[in-house]
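K.L.:
Handing you this structure, nothing more for now.
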Amino acid sequence: MDVTLRPLVDELSRLSGAVDSERAAADRALIEHLRVEVAALRRAVAHLRISHQPVPEALRPVVARAMVETSELAQAG
């Protein structure tokens, strides 16, 4: 490789590595958020299977988000 291009290539490699790291961190945060949501939905389903009581107050936002997302997917499809 031409010596004059080496600094440019090094900087491009550094920048792409930083972008990949930021993207990976964002992906990990999203995965963790989805794990929490899925766990809460599982608790809501388990509650509904064993009880005739309404979904507990703490789980209602999660159930509502899932219902809205499902509705949006149904309308789009």
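The values are calculated or read from the model by the stated rules, or taken from the named source; none is laboratory data. Remember, predicted model here, so these are calculated numbers, not experimental data. Surface areas here come from the heavy atoms of the whole protein model, side chains and all, with no ligands, DNA or RNA. Shrake-Rupley method; radii C 1.70, N 1.55, O 1.52, S 1.80 Å.
K.L.:
Give me the percent of accessible area attributable to carbon and sulfur for the chain, probe 1.4 angstrom.
P.N.:
After summing per-atom areas, the C and S share lands at 63 percent.
K.L.:
Same structure, new question: Using a 10 angstrom cutoff on alpha carbons, build the Gaussian network for the chain and name the most mobile of ARG14, ARG28, ARG43.
P.N.:
ARG14
K.L.:
Can I ask one more? With every protein chain kept in place and ligands, DNA and RNA left out, what is the accessible area per residue of the chain? Probe 1.4 Å, answer in Å². All intermediate terms of the calculation are to be shown ahead of the outcome.
P.N.:
Numbers: 6500 Å² over 77 residues.
About 84 Å² of surface per residue is accessible.
K.L.:
Grab the alpha carbons of the range 9-77, take their convex hull, and tell me the volume per residue in Å³.
P.N.:
It comes to 112 Å³ per residue, whole-number rounded.
K.L.:
May I pose another question? Taking the Cα atoms only, what angle lies between the long axis of helix 6-50 and the longest principal axis of the chain, rounded to 10 degrees?
P.N.:
10 degrees
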